[in-house]
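Everything on this sheet refers to the single structure shown next.
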Amino acid sequence: MHELSVVFSVIKDVTEVARENNAPHINSVTIQLGKVSGVIPSYLKDCWKWAVSRKGDKTDDIIRGAELIVEPIEAITFCEDCKQTYDTIKYAKVCPHCGSENTFLYQGNEFMIKEIQVDDEMPAEFANQIDEDTPSPVME
Ligand SMILES: [Zn+2]
């Protein structure tokens, strides 16, 4: 996954939500990132810093200077044969309990916007905002 396009996509989503809620400015955005999602947290943060601090109207004022918080999600694989889970990063596709390769990624591929913190310090739950507000034509 390309971190910069990810960053622009997140910025687009969160600025839309902030506008719908008449928030003047976004303080921080919290993202849940799976450890095998292919997105590198440090690179993601660098791209974010650049994207929210560009000169003039290249950066929307509503997101200017906002902080990106990354919450890592552990990568866990489930084994179909012995029905146990294990650390994906350590053992990859082969189950350390029984040696089977009949396994699948249970979690660790996530990329989710968890929370948007706006200037009045009221955390906006991203998913809830979309559900509760007037339905957006994009989401239907
Ligand atoms: Zn197994």
- Of (1) modelled with pLDDT of 95 or more; (2) away from the ligand (no atom under 16 Å from the Cβ); (3) more than 17 Å from Glu3 (Cβ to Cβ); (4) not acidic (Asp, Glu), Ala92 satisfies every one except (2)
- Message: Cβ-Cβ under 6 Å, sequence separation 6+ or interchain: first residue in the range 79-94 and free of Cβ contacts under 8 Å to residues at least 60 places away in the same chain, partner near the ligand (Cβ under 8 Å from one of its atoms) and among the hydrophobic types (A, V, I, L, M, F, W, C). Which pairs?
- Response: Cys79/Cys95; Asp81/Cys98; Cys82/Cys98
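Could you identify the single residue in His2, His25 that is under 21 Å from Gly108 (Cβ atoms) and surrounded by fewer than 19 Cβ atoms within 10 Å (Cβ to Cβ)?
Working: His25 fails: under 21 Å from Gly108 (Cβ atoms).
Criteria check complete, one pass: His2.
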- Note on the structure: Across (1) at negative phi; (2) more than 16 Å from the ligand (Cβ to nearest atom); (3) over 21 Å from the mean Cα position of the chain (by Cα), Cys79 clears everything bar (2)
- Message: Given the criterion in contact (Cβ under 8 Å) with a residue 12 or more places away in the chain and among the β-branched types (Val, Ile, Thr), identify the matching residue among Thr15, Thr59.
- Response: Thr15
- Message: Can you say whether Cys47 is modelled with pLDDT of 95 or more, surrounded by 16 or more Cβ atoms within 10 Å (Cβ to Cβ) and more than 16 Å from the ligand (Cβ to nearest atom), as far as the supplied structure shows?
- Response: yes
- Item | Qualifying residue in the range 100-113 (condition: among the hydrophobic types (A, V, I, L, M, F, W, C), away from the ligand (no atom under 11 Å from the Cβ) and farther than 17 Å from Lys35 by Cβ) | yes
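The values are calculated or read from the model by the stated rules, or taken from the named source; none is laboratory data. Just so you know, these numbers come straight off a predicted model, no measurement behind them. Cβ sites come from the backbone with ideal geometry, for glycine too, and all protein chains shown count toward neighbours.
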